[in-house]
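Data block below; observations after.
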Amino acid sequence: MFKEPPGSNATVRAPTRRLPPAPAGAAGRTRVMQMELEAFASKLQHFRTEKGWSQSDLAREVWGEIETKAGRKVAKNRDRISTYEMGKSWPDPHNLMKIASALGVPPEELAPDITAATVDRQNPEIALVAVAGHADKVHLKVNKLVSMNIATLIMQLLDYANLVNHGLADPHEQPQLNLPSKPRVSQLSCAPVDAS
């Protein structure tokens with residue numbers, strides 16, 4: 001332990017261990033995320049320089065101009081392009097679309113991993129959302145590529161749930177599921193069951 005000289009009023013503390021600082025802009029990112037970000041930064045710079053534009057030129061195309069107090073016109077949000085190209089952050093989906101449009105490339109070409117991740121975040125494969133006032137119910141959202149046979153089974157379960165909700169089936173009974181050998185889309189029904 002570290003000791004203060006006699007007569008000092010300082011408290012005695014053990015020396016603290018300092019960890020090396022995290023790389024700039026990498027807080028909370030996995031190595032894969034950082035690689036995706038760097039790939040986006042590289043593509044952005046490539047497409048921008050291919051057009052012969054500076055970072056300010058691209059920012060001007062995307063967000064327009066503002067006038068400084070000195071009366072000069074400068075690109076709005078011009079520092080954002082620099083931040084993106086240095087791999088410090090990436091744009092939100094709206095700005096990604098605007099940047100891609102200004103560069104004349106599809107967003108998927110400019111940032112395929114970001115676009116896919118955004119779609120995945122906005123449309124997860126399976127989502128359960130509690131329903132206020134109904135402790136025993138959830139809103140189920142399924143967004144997954146499955147075979148027609150699996151889709152048919154899911155639709156049968158949902159039809160059974162409609163019967164239960166309308167009091168036409170026993171919720172404690174095992175539903176009878178029929179797996180057709182070759183289901184047709186016309187066999188699938190999403191319409192609610194008429195309780196009358």
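The values are calculated or read from the model by the stated rules, or taken from the named source; none is laboratory data. Since the model is a prediction, treat every value here as computed from it, not as a measurement. Note: ideal-geometry Cβ built from the backbone for every residue, glycine included; neighbour counts use all protein chains shown.
Tabulated values for the structure
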read-out: Pair list, Cβ < 8 Å and 6+ apart or interchain, from the stretch 39-50 residues that are assigned by TED's automatic domain parsing to the domain that holds residue 108 and farther than 11 Å from residue 87 by Cα to residues that are buried (at least 19 other Cβ atoms within 10 Å of the Cβ) and polar (S, T, N, Q); value: 48/55
read-out: Subset tally (residues that are among the aromatic types (Phe, Trp, Tyr) and in a loop (DSSP other than H, G, I, E, B)) for the stretch 57-83; value: 0
read-out: Criterion: at pLDDT 80 or above, crowded, with 16+ Cβ neighbours inside 10 Å and among the charged types (D, E, K, R) - qualifying residue of 109, 65, 50, 85; value: 85
read-out: Near pairs, Cβ below 9 angstrom, 6+ apart or cross-chain, from the stretch 127-145 (without any contact (Cβ under 8 Å) to a residue 24 or more places away in the chain) to any residue that is surrounded by 10 or more Cβ atoms within 10 Å (Cβ to Cβ) and among the basic types (Lys, Arg); value: 127/141; 128/141; 129/141; 130/137; 131/137
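Residue by residue, here is whether (1) closer than 23 Å to residue 32 by Cβ; (2) at pLDDT below 85; (3) surrounded by 12 or more Cβ atoms within 10 Å (Cβ to Cβ) holds:
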{"residue": "98", "(1), (2), (3)": "no, no, yes"}
{"residue": "118", "(1), (2), (3)": "yes, yes, yes"}
{"residue": "138", "(1), (2), (3)": "no, yes, yes"}
{"residue": "145", "(1), (2), (3)": "yes, yes, no"}
{"residue": "161", "(1), (2), (3)": "no, no, yes"}
